[in-house]
1. Does region 299-318 include one or more residues that are under 24 Å from TRP162 (Cβ atoms), of a type in the set (Asp, Glu) and without any contact (Cβ under 8 Å) to a residue 12 or more places away in the chain?
2. Please tell me if ASN331 is farther than 20 Å from PHE159 by Cα, part of a helix (DSSP H, G or I) and at pLDDT 90 or above.
3. Can you find, within region 360-387, the residue that is farthest from SER212 (Cα to Cα) among those that are surrounded by fewer than 20 Cβ atoms within 10 Å (Cβ to Cβ) and among the aliphatic types (A, V, I, L, M)?
4. Examine region 87-102 for a residue that is under 30 Å from MET373 (Cα atoms), crowded, with 20+ Cβ neighbours inside 10 Å and either in contact (Cβ under 8 Å) with a residue 24 or more places away in the chain or not assigned by TED's automatic domain parsing to the domain that holds ARG172 (or both), and state whether such a residue exists.
5. Can you say whether ASP399 is closer than 21 Å to TYR365 by Cβ and either in a loop (DSSP other than H, G, I, E, B) or of a type in the set (A, V, I, L, M) (or both), as far as the supplied structure shows?
6. Give the residue that is farthest from the chain's Cα centre (by Cα), with candidates limited to residues of region 221-231 that are part of a helix (DSSP H, G or I) and closer than 12 Å to ASN187 by Cα.
7. Quick check on region 366-379. Is at least one of its residues over 30 Å from GLU177 (Cβ atoms) and part of a strand (DSSP E or B)?
8. If ILE30 satisfies all but one of (1) modelled with pLDDT of 60 or more; (2) outside any strand (DSSP E or B), what's the number of the condition it fails?
Amino acid sequence: MKYKPKSLKSAIILVVIVVAFILLLSYLGIGTLRNATRIGYVGNDGWSSWSASYTLLDGRLQHTIRPETDTLHVDVETESGTISIEMKDEDGNIIFSESNIETSSFEVNVSGKVVIIIKASRHKGSFDISSHSDGTLQSGQIFLYGEEHASKEILEKEFELWNTYYSDNGMRNLFVELPYYSAEFLNLWMQSDSDDILDQLYQDWDGTAMHSQDTIDFYKQIKRECPETIFHGTDVGHQYNTTGERYLAYLRENGQDDSSEHYQLAQENIQQGQYYYQHSDGAYRENKMVENFIREFDSLNGEDVMGIYGTAHIRIDAMDYATNTVPCMANQLNEQYGNALHTKDLTLVDGAYRVDTLQIKGKEYTASYFGKMDLSAIFPDYQYREFWRLENAYNDFKDCPTTGNVLPYNNYPMEIEKGQVFVIEYTKTDGSVIREYHRADGNTWQGSLVTEEFSIEE
């Protein structure tokens, strides 16, 4: 087949348009140039700021920003490896250059557009470059952290983060993946001399990951050391027939009827929970979490907040966890708040927690264990799932027939590479366990890389 001159001309025009568009993005500071390996990378490439956290960054990144003030505040966290930062003005003059930056904070005086170049060598950590006017971040900042529910190690990290924001930055508002009325009960408990309210919540959480002594200890530590904390619950109405109804009864006993704002918000939250559980609609839940978050955040008139949510809700470039049909919570919040939103995934695992031996079809395999992930808030019939990676097993299972069941890479707590095999065990609320075998063949589903379940005869 011969190409027609008209088709060739159209192709050339298309290439010219694409190149011009890329150059325009670079000039305006919208595009980010990358020549780097990124693992566990969660970033925000903003108009006036740039931030990212990751488990590995190796190579070169470049991004252009237009600061809102004449000072850039730079925060760098270095856990391992090295990172260097260079900044140039719009004429190409170097205005800042520093190599091998350890964990630190500093300021850089700037004027106009700034080109930032990051060079990293196996760096693990984060950077946050933003403009401000008085030595602190602009007001109305949102710091979201992704967790595995009820993980003791992650809860300890979250308390350290909150205690720092509380003590050093004067932050008081903590957003949590709980219903409105559950957070309101926590606020009442914070003012109480007993733990009766918390004990009742703990009973209501039976059958979920929240029903954990580590979770209770986390809240008690906040009460002891950060006593002015105000909780904001932005999830749909879980436990609507226990916690929800009890909160409405509390309001009535204290003279508040359905004309009060507290009562109306609690009723609305209960209705959200009823709809979610009746229809098992994950997209509905994600959208309502966004609506509830925006309502609570906007009511604070520019105060900074920290939020703790399951990691599936805080990835800026992700779709919803359950249906993959709508942008996840942080993705939608990024559209609403832009540079004010900062996210970090606390669940990413650099290495296995332990190494087990699993026997499959009479053969023993080395199995790296990467922990468990709570599912109770998403799938009420399930408690959690656990992940193992079978080492050097792909050739043994590459020809096994697939079942049609897939799991996106971003559902795993570690990085996935083509040619790997996984064992996933789902523990249901009745104690039964369902085992699945998955392999990474490099295939996609609805635009996302996925592993595919395969069947074997044991």
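The values are calculated or read from the model by the stated rules, or taken from the named source; none is laboratory data. Keep in mind that this is a model prediction, so the values were computed, not measured. Cβ: placed from backbone, ideal geometry, glycine included. Neighbour counts: every protein chain shown.
1. Checking region 299-318: not a single residue is under 24 Å from TRP162 (Cβ atoms), of a type in the set (Asp, Glu) and without any contact (Cβ under 8 Å) to a residue 12 or more places away in the chain.
2. The answer is yes for ASN331.
3. Here the residue is ILE360.
4. no
5. In short, yes.
6. Within region 221-231, the match that is farthest from the chain's Cα centre (by Cα) is LYS223.
7. Yes, some residue in region 366-379 is over 30 Å from GLU177 (Cβ atoms) and part of a strand (DSSP E or B).
8. (1)
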